[in-house]
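In what follows, a structure is listed as structure tokens, so that the remarks can point back to it.
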Amino acid sequence: MAACGRRTRPRLLFFLFGATLLGYLIFFRHNSEDLNAASRRGSPEREREREVDKEEVVVAGGNELLKKPVYEKPPLDLNALGEMGRAVKLHLTGEEKKKEEESIEKHKVNVYVSDKISLHRRVPVIWNPLCNDLKYDYRSLPTTSVVIAFYNEAWSTLLRTVHSVLETSPDILLKEVVLVDDYSDREHLKEPLERYISGLRKVRLIRTTKREGLVRARLLGASITTGDVLTFLDCHCECHEGWLEPLLHRIKEEPSAVVCPVIDVIEWNTLQYLGNAGEPQIGGFDWRLVFTWHVVPEYEQKRRHSPTDVIRSPTMAGGLFAVSKNYFHYLGTYDTGMEVWGGENLEFSFRIWQCGGSLEVHPCSHVGHIFPNKAPYSRNKALANSVRAAEVWMDEYKEIYYHRNPHARLEAFGDVSERRKLREKLGCKTFRWFLDNIYPEINIPSDRPGMFGMLKNRGKVNYCFDYNPGDEHIVVGKKIILYPCHGMGQNQFFEYSTDGEIRYSTREPGGCVVGDNISTYLTVQLCKKRNQPVPVDQKFVLREDGTLYHVASQKCVHALDKDKDSGSGAPSLQPCSDNLRQKWFFEEKA
Ligand SMILES: [Mn+2]
């Protein structure tokens, strides 16, 4: 970390991205002295604060007092709805049922149920029991500021997040919680919120003066923090006991580590807290630049010594992570050219790894997050964000992305020259290095000219191979159909590999087209692993004359007008002939 040893002035850097943000309002205890404190970290002032705590400890004689949260939870009432993270199932009728449905329509979360649950509820203890044995030297851990940006968030989900942080974070470690209102228009987030939080210790609220999006809102929040470490949380979370210490401990140990908690699921309808003590999943991505979850690979299991050791992860899911404030600056914070949300998590992940840091999940830090039943607000800028990530970090591999998303080439993504300069200044490694060393399990399509794109038929003109997995997480099991060619890549993108597979390599792990002699139709199954032979039912020969010969059945792929079940056209294995319906070719663009 030698390169970021020289202390920069966080305030100045944070504000480089635009003067428009300067017109924010700050409530509660904010004055210019707070800002200056950020650049005087490690000053005698802070040491004095800690001295006081030290004396207290000697009196109390142990770690228990140092663990003391900012606020204690109220006494446990096991009969309360949703207590201990239990599911809430109300059997509503009439008016009340209608209210519940309206709340779901509006927030994509059952806020009707959330409103009935205590803002101070406890969540079940679900971490690995070994996490109980970890000991922390509280006085030597860095302090943190928790930054929570929100836009039109419901009252109870937002305030439960705030109380949860205050009631699970040791007072000695938490400098403040900074709430950033990204120009919400709902009434409850105006004066009522100001009034409510003015009664809470360590909570500050600032507002943007126009809609900035997650990235700039978070940076605005970060700009007024005073802690050593920035901890970003989403605005509908609940923290598990002991969630904070592992993150701060790891950053103390390795200042260039960006550390994510395990994200437990809070179910959107019942607000049930679901988690388990087993190995958490880690992040990857597919060639649409969509984030994906994966089990921890074997080489990473071997690298670790204990189930409580951090797990390296190629990418992060998004909202939840802790990073040393100095290191965050060194890395160039966020790409402020990104709008709203989507794509910023992959950009940051690539940057962390390529520029010398590490991205990790700490198995002993658990935070629950409400996953809404669908995206709560529009993210039509996510495409431009992904393109910015590709243009700055992916080198020639951005072509693999563009092949599968041809419309992304036309997206106006703004100016990335500053971000490229940053990459050069930091001497960051190539995307190839990242793939080889950090995400070796990803399949790298070869996309040979003339062997990828839409798979079109000559007889049934303008019809293409089309595949809809039907589920974001399961690529296999469905049937290939024929559908009018749309030229948008995605579900009509196929690739003929040098091994003779027809790959649906838009997802990760990708699927391969399988023929079976009995149904005659084509389906998709997982492709073989690297260095394994191609299963014979996945092997096709794309011959010079355009016939697509299936090796196992010794038949040719024929474009049928109607299949038995769906009534749409579908490719089917038939005895080989000269019929144009058996002639196929790849075309990159419509
Ligand atoms: Mn969220």
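The values are calculated or read from the model by the stated rules, or taken from the named source; none is laboratory data. In this text the structure is predicted, and so the values were computed from the model without any measurement. With ideal geometry, Cβ positions are generated from the backbone for all residues, glycine too; neighbour counts draw on all protein chains shown. With ligands, DNA and RNA removed, areas are computed over all heavy atoms of the protein, side chains included. Shrake-Rupley method; radii C 1.70, N 1.55, O 1.52, S 1.80 Å.
Below is a table of values for the structure above.
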item: Charged-residue dipole, Cβ positions (Lys, Arg, Asp, Glu), the chain about Cα centre, Debye nearest 20; result: 960
item: Among beta bridges that DSSP assigns inside the chain, antiparallel share in %, nearest 5; result: 65
item: Label point 7 Å beyond Cα of ASN373 along Cβ direction - residues of the stretch 99-117 with amide nitrogen under 15 Å; result: 99-114
item: Surrounding net charge for MET338, when Lys and Arg each add one and Asp and Glu each subtract one, Cβ distance under 9 Å; result: -1
item: Loop trypsin sites (Lys or Arg not before Pro), the stretch 147-232 (other Cβ atoms within 10 Å of the site Cβ: 12 or fewer; DSSP); result: LYS210
item: Percent accessible area from carbon and sulfur atoms, the chain, protein chains only, probe 1.4 Å; result: 52
item: Rg [Å, one decimal], Dmax [Å, integer] - the stretch 207-250, C-alpha atoms; result: 12.9, 37
item: Interchain or long-range residues, amide H under 5 Å from ARG207's placed H; result: LEU25, ASP181
item: Estimated distance in nm for a label pair at PHE585 and GLN554, the labels positioned 7 Å out from Cα along Cα-to-Cβ; result: 3.0
item: Overall dimensions of the stretch 377-504 by Cα: Rg and Dmax, Å; result: 17.0, 55
item: On Cα atoms only, tilt of 244-253 relative to the major axis of the chain in degrees; result: 80
item: Set of the stretch 117-140 residues, backbone N closer than 13 Å to the point 7 Å along the Cα-Cβ line of MET84; result: 122-126
item: Cα shape, the stretch 328-410, gyration tensor, a/c 1.5 rule; result: oblate
item: Estimated inter-spin distance, GLU544 and SER118, nm [label 7 Å along Cα→Cβ]; result: 7.9
item: Relative contact order of the chain, pairs being alpha-carbon contacts under 8 Å that are 6 or more residues apart, as %; result: 12
item: In the stretch 316-415, the chymotrypsin sites (Phe, Trp or Tyr not before Pro) that fall in loop regions by DSSP, at most 16 other Cβ within 10 Å; result: TYR377
item: Burial ranking of peptide ranges 462-475, 140-153 (average Cβ count within 10 Å, highest at the top); result: 140-153, 462-475
item: Whole-angstrom gap from the stretch 266-317 to the stretch 97-114, using each part's C-alpha centre; result: 30
item: For the chain, accessible area per residue (1.4 Å probe, heavy atoms of protein chains only), Å²; result: 43
item: Cut-off under 5 Å, modelled amide H: who pairs with CYS512 long-range; result: TYR504, GLN525, LEU526, CYS527
item: Full-stretch length increase - ASN269, ASP171 - with 0.36 nm per residue and alpha-carbon distance subtracted; result: 32.0 nm
item: Potential lengthening between ASP499 and GLU96 on full extension [0.36 nm per residue; Cα-Cα distance subtracted]; result: 139.1 nm
item: All aspartates and glutamates inside 15 Å of LYS99 as judged from Cα atoms, apart from same-chain residues fewer than 8 positions distant; result: ASP115
item: Cα lying deepest toward the dipole's positive end in the chain, options ALA552, GLY477, HIS369, charges on Cβ; result: ALA552
item: Under 15 Å, Cβ to Cβ, from GLY94 - net charge with Lys/Arg +1 and Asp/Glu -1; result: -2
item: 0 to 90° range, to nearest 10: angle between helix 94-107 axis and the chain longest Cα axis; result: 80
item: Anisotropy class of the stretch 390-453 from Cα gyration tensor, a/c 1.5 cut; result: oblate
item: Cα-based shape type of the stretch 452-587, given that a ≥ b ≥ c are square roots of the gyration tensor eigenvalues and the cut on a/c is 1.5; result: rounded
item: Filter on LYS456/LYS589; LYS175/LYS252; LYS68/LYS175; LYS89/LYS190; LYS73/LYS175; LYS398/LYS429 - keep pairs with C-alpha separation over 21 Å; result: LYS89/LYS190
item: Loop-located trypsin sites (Lys or Arg not before Pro) in the stretch 275-384 whose Cβ has at most 12 other Cβ within 10 Å (DSSP); result: LYS374
item: The chain, Cα convex hull volume normalised per residue, Å³; result: 174
item: Karplus-derived 3J(HN,Hα), 6.51/-1.76/1.60, for each residue of the stretch 389-404, Hz, glycine and proline x; result: 4, 5, 5, 8, 10, 9, 6, 5, 6, 5, 4, 4, 5, 5, 4, 8
item: Heavy-atom SASA rank of PHE285, PHE371 (probe 1.4 Å, accessible area, largest first); result: PHE371, PHE285
item: Measure of compaction for the stretch 541-590 (Cα Rg per 2.2 N^0.38 Å); result: 1.19
